[in-house]
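Reviewing the structure listed below.
The values are calculated or read from the model by the stated rules, or taken from the named source; none is laboratory data. Predicted model, so just to flag it, every value in this text is computed and none were measured. Cβ sites come from the backbone with ideal geometry, for glycine too, and all protein chains shown count toward neighbours. Heads up: the accessible areas ignore ligands, DNA and RNA and are worked out on the full protein's heavy atoms, side chains in. Shrake-Rupley method; radii C 1.70, N 1.55, O 1.52, S 1.80 Å.
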Amino acid sequence: MAFHPNGPHNGPDNRLQGALGHIRVLDLSRVLAGPWCAQNLADLGADIIKIERPGAGDDTRAWGPPYAPDAAGRPTTEAAYYLAANRGKRSLTVDIASEPGQALLRELVRHCDVVIENFKVGHLKRYGLDYDSLKAVRPDLVYCSITGFGQDGPYAHRAGYDFLIQGMGGLMSVTGERDDLPGGGPQKVGVALTDLMTGMYATVAVLAALTHRDRTGEGQHIDMALLDTQVAMLANVGSNYLNSGKRPTRWGNAHANIVPYQTFACSDGHIIVAAGNDGQYQKFVEAGGRPELARDPRFATNPARVQNRDVLVPLLADMVRERPRAEWIALLEAVGVPCGPINDLDEVFANEQVRARGMEIALPHPTAGQVKLVRSPMRMSATPATSDKAPPLLGEHTDEVLRDVLGKTDAEIAALREGGVV
């Protein structure tokens, strides 16, 4: 039988139809990895109370332009970066450096199931907001710490940033063009992938810890590190190295073991061709009017094509360049050769499949009128993920949370404001 010591959380943001409608989260995190985890939980129905610095808030509120435009097209103060990771939350401003602010958060923890934080190791201990301190307040608390390098080890007290971890964790060593080609060298991924994956792993860990709590009544501390995540997500590349002892190299948009399996420039853009076997390769060159490239013994089999890629690929590139992208895609799809475009973001959000899946949403917003966001990709038949609340204004829900969660009176809230606590 599930163990829910607090029962469902009621109030104006109650969404009990969500899978996590009974869960409340105190989100002490900023920027991306922690907020991404909290946003996932919000999409699943949890009540997320985002704690922000009075007058400043999450660092990403100032990471612009671009900013969301208002109805007249003028930029608001809502940075698009901040909007990407904070929908579905309630914003409460608290000065955690003050003793009354710390006391207020400890009071809130009694009403929360999860705490998420991404402060430097040991930083919250001085405020009495570390796991051991809050466990004394709420014994079954799930407390998730997200740092660059984890809670122990020689790097534990270093600050960690996505770009830095992509380099240290090996991702950049296998990302980018070959060193012997123009533009060769290590590259970071175009989005903060390590932050995002850490947020995803943190989401999984929080859900697992909640399941354990519901079965046993026991809370726990989750120690998430960006570097750990980056090493783990090397996946087959890391496994290949560990089991062969051979250091992988960069191949850009090509494949180490399959040819052709890469991008090509058409007359008006780029396509991806992923010919995974000899039959697909044969159909590819026949569609391009070059059937002799399949009969040539240097290119007839994949091992031969890999061995002779430096001869073959320029010939294929010349062939592909003769036609526009749409024509190539139509030709190759008709004969079963895996292919696809490399879309700019205007093409992504205009794509018929993306539109059919409703991935772009617009939510009402107090200052912008509405903000455009990307919906959650989680599709669940019984407890669907919801993306129905825009990212909050700074401190937008301060009075609401203090009144509805803690039962504060208007006079008590006014006193907290006058004292600079909230």
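Assess whether Lys246 counts as being over 22 Å from Pro186 (Cα atoms), open to solvent by 30 Å² or more (accessible area, probe 1.4 Å) and out of contact with any Ser or Thr (no Cβ under 7 Å at 6 or more places or on another chain).
no
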Item to check | Scope region 200-243; condition of a type in the set (Gly, Ala, Ser), crowded, with 18+ Cβ neighbours inside 10 Å and farther than 16 Å from Gly150 by Cβ; matching residues | outcome: Ala209, Gly219
Next on the checklist: When you check Asp113 against the structure, is it over 30 Å from Trp63 (Cα atoms), touching a strand residue (DSSP E or B) at 6+ places or on another chain (Cβ under 7 Å), open to solvent by less than 20 Å² (accessible area, probe 1.4 Å) and not polar (S, T, N, Q), yes or no?
Outcome noted: yes
Checklist entry - If you scan region 34-52, which residues turn out to be touching a strand residue (DSSP E or B) at 6+ places or on another chain (Cβ under 7 Å) and open to solvent by 10 Å² or more (accessible area, probe 1.4 Å)? => result Asp47, Ile51
Next on the checklist: I'd like to know if region 151-159 contains one or more residues that are surrounded by 22 or more Cβ atoms within 10 Å (Cβ to Cβ), at pLDDT 95 or above and under 19 Å from Ala202 (Cβ atoms).
Outcome noted: no
Checklist outcome for this item: Ala304 passes all but one of the listed conditions (1) modelled with pLDDT of 95 or more; (2) exposed (fewer than 14 other Cβ atoms within 10 Å of the Cβ); the exception is number (2)
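Report whether or not Gln102 is in contact with a Leu (Cβ under 8 Å, 6 or more places away or on another chain) and open to solvent by 10 Å² or more (accessible area, probe 1.4 Å).
Yes: the conditions hold for Gln102.
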Next on the checklist: Looking for something over 28 Å from the mean Cα position of the chain (by Cα), outside any helix (DSSP H, G or I), at pLDDT 95 or above and not polar (S, T, N, Q) - is there at least one such residue anywhere in region 224-242?
Outcome noted: no
Checklist outcome for this item: How many residues of region 315-326 are part of a helix (DSSP H, G or I) and either open to solvent by less than 60 Å² (accessible area, probe 1.4 Å) or touching a residue at least 60 places away in the same chain (Cβ under 8 Å) (or both)? The answer is 6
Next on the checklist: Condition first: under 30 Å from Gly219 (Cα atoms) and of a type in the set (Asp, Glu). Can you find one or more residues in region 61-80 that meet it?
Outcome noted: no
Next on the checklist: Restricting to region 46-75, count the residues that are over 21 Å from the mean Cα position of the chain (by Cα), under 30 Å from Cys112 (Cβ atoms) and outside any loop (DSSP other than H, G, I, E, B).
Outcome noted: 0
Next on the checklist: Given the condition open to solvent by less than 20 Å² (accessible area, probe 1.4 Å), at pLDDT 95 or above and charged (D, E, K, R), answer yes or no: does some residue in region 269-278 qualify?
Outcome noted: no
Checklist entry - For region 333-353, how many residues meet the condition of being open to solvent by less than 50 Å² (accessible area, probe 1.4 Å), in contact with a strand residue (DSSP E or B) (Cβ under 6 Å, 6 or more places away or on another chain) and farther than 16 Å from Pro260 by Cβ? => result 0
Item to check | Single match in Ala356, Ala287, Ala330 (criterion: surrounded by 14 or more Cβ atoms within 10 Å (Cβ to Cβ) and modelled with pLDDT of 95 or more) | outcome: Ala287
Next on the checklist: Give me the residue from region 136-162 that is outside any loop (DSSP other than H, G, I, E, B) and either of a type outside the set (D, E, K, R) or closer than 16 Å to Val25 by Cβ (or both) and, out of that set, nearest to the chain's Cα centre (by Cα).
Outcome noted: Ile146
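I need the full set of residues from region 375-399 which are open to solvent by 50 Å² or more (accessible area, probe 1.4 Å) and either farther than 21 Å from Cys112 by Cβ or touching a strand residue (DSSP E or B) at 6+ places or on another chain (Cβ under 7 Å) (or both), in order please.
Arg375, Pro377, Met378, Arg379, Met380, Ser381, Ala382, Pro384, Asp388, Leu394, Glu396
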Checklist entry - Looking at (1) under 25 Å from Ile361 (Cβ atoms); (2) part of a loop (DSSP other than H, G, I, E, B); (3) at pLDDT 95 or above, can you tell me which one Tyr81 breaks? => result (2)
Checklist entry - In region 191-241, what residues are of a type in the set (Asp, Glu) and out of contact with any helix residue (DSSP H, G or I) (no Cβ under 8 Å at 6 or more places or on another chain)? => result Asp214, Asp223, Asp228
Checklist outcome for this item: Counting only residues that are assigned to a helix (DSSP H, G or I) and either without any contact (Cβ under 8 Å) to a residue 60 or more places away in the chain or over 28 Å from Leu345 (Cβ atoms) (or both), region 163-193 contains a total of 6
Checklist outcome for this item: Reported set for region 53-86 where residues are under 23 Å from Met378 (Cα atoms), out of contact with any Pro (no Cβ under 6 Å at 6 or more places or on another chain) and open to solvent by 30 Å² or more (accessible area, probe 1.4 Å) is Tyr81, Ala84
